[in-house]
Structures are given as structure tokens and as C-alpha cells.
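The values are calculated or read from the model by the stated rules, or taken from the named source; none is laboratory data. On a predicted model such as this, the values are computed, not experimentally measured, just so you know. Virtual Cβ from ideal backbone geometry, glycine too; neighbours counted across all protein chains shown.
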Amino acid sequence: MPKILDRLLLFVYSLSIGIITVITILLVTNAVPFEWSKYSEKTLITAVIITAALLFLLSIRFFYISVKRERNSLPSIDQRTEYGDIQISVETIENLSYKAASRVRGIRDVKTRIRITDSGLEIVVRALVDGESSIPALTEEVQKQVHDHVEEITGIPVSYVSVYIANLVQSPAIKSRVE
């Protein structure tokens, strides 16, 4: 319910700002003739103060919502055991995948992404290789290591491990001195 209310308030706020902006532009450019003398100064000041106060209160509300951090917003995988509930963050699984892939000799600069599906975890590993080893053998070893390590440590089934070899590791250029 609070999220629907916040969306409704944001809609009203955005609409109000848009209308006020359009009216201001029309009045300033004299596109719409307006006689200020018809209205008392007190009425105009009261209307401006009420409008400004409402917009200020809505601004404070939206600022609070943007700064507030919800505990439930961090993605995690929930498991129920006979002893209670377990929550494992996606970041933890990404780090486990990183650790397993980094152990494979010939793999460098590893990055991992996790996607949660009904059939289990889908893990995408992006890495650079040293260019000294067979890429099919390296990728197969990375897939096996990541799959086995994540399943063993978390107990969560891994349905798919994809390995993307982005490039070769660039070795530093060694400048030879000519004397």
C-alpha cells in the first residue's frame, strides 16, 4: 500500500510541477494576458504560500524515499531447513563463483553475474585468458569448478554456467635497450 501511495504522490507532484512551470512560462512571456489587479495581493500570497508548502512537503517525502534503504531490497536466495530460514545474498554467490573461476590456471580478470531461475542458478563468468592454454579446456574447467564449488558451499542447485572469454591478457611491453 505505501508504494502505491508513493507512486500516486509522485504522479501528483510531477503533474503539479509541470502545470506550475507551464503557467509560469505563459505568464512571463505574456502569451496569456493576465490582470493582476483583479486579485488582492493577500489572496495571491496565500495561494503561493500554500502551493509552495505542499510542494515542499512532497519534496521532503520523495527525498526520504530516495535515501531510505530497505532491507528487503537486496536480492537474496531464501531456503528453509528444518532448523529455520537461510538467506544467501546474490553478492555472496557472485564472490563464490569469482573465487572458483580464479583458481583455474590460465584465467585472469574474472567477473561474474548471477541470475535466479526456477531450475536453479544461472551463472555467467566473464574472463580474460593468458593465451598459453586451450580455451575450450579452460572454459570447461571453469564451468566445472564454478558449478561444483557453488553447489557444494551453498547447497543451491546450479542449472547453467556460461563462460565468456573476453580477450587475452595483455602482457606488459618490455622495451629493450639498445646500446
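Do we have Lys99 as under 25 Å from the mean Cα position of the chain (by Cα) and under 30 Å from Ser162 (Cα atoms) here?
Taking the combined requirement at face value, the residue satisfies it.
Looking only at the stretch 112-167, residues that are closer than 21 Å to Asp78 by Cβ and of a type in the set (D, E, K, R) come to 6 in all.
Residue by residue, here is whether (1) under 39 Å from the mean Cα position of the chain (by Cα); (2) acidic (Asp, Glu); (3) under 17 Å from Thr51 (Cα atoms); (4) in a helix (DSSP H, G or I) holds:
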position	(1), (2), (3), (4)
Leu5	yes, no, no, yes
Ser16	yes, no, yes, yes
Leu26	no, no, no, yes
Phe34	no, no, no, no
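Here are Leu27, Leu54, Leu8, Leu15: which of them is at pLDDT below 80, not polar (S, T, N, Q) and not assigned by TED's automatic domain parsing to the domain that holds Ile156? Residue meeting the stated conditions: Leu27. Would you say Thr117 is polar (S, T, N, Q) and surrounded by 14 or more Cβ atoms within 10 Å (Cβ to Cβ)? No; evaluated as a whole, the condition is false for this residue. What's the total number of residues in the stretch 82-110 that are in contact with a helix residue (DSSP H, G or I) (Cβ under 7 Å, 6 or more places away or on another chain), in a strand (DSSP E or B) and more than 11 Å from Thr154 (Cβ to Cβ)? Total meeting the criteria: 2. Of the set (1) over 26 Å from the mean Cα position of the chain (by Cα); (2) on the phi > 0 side of the Ramachandran plot, all apply to Ile107 but (2).
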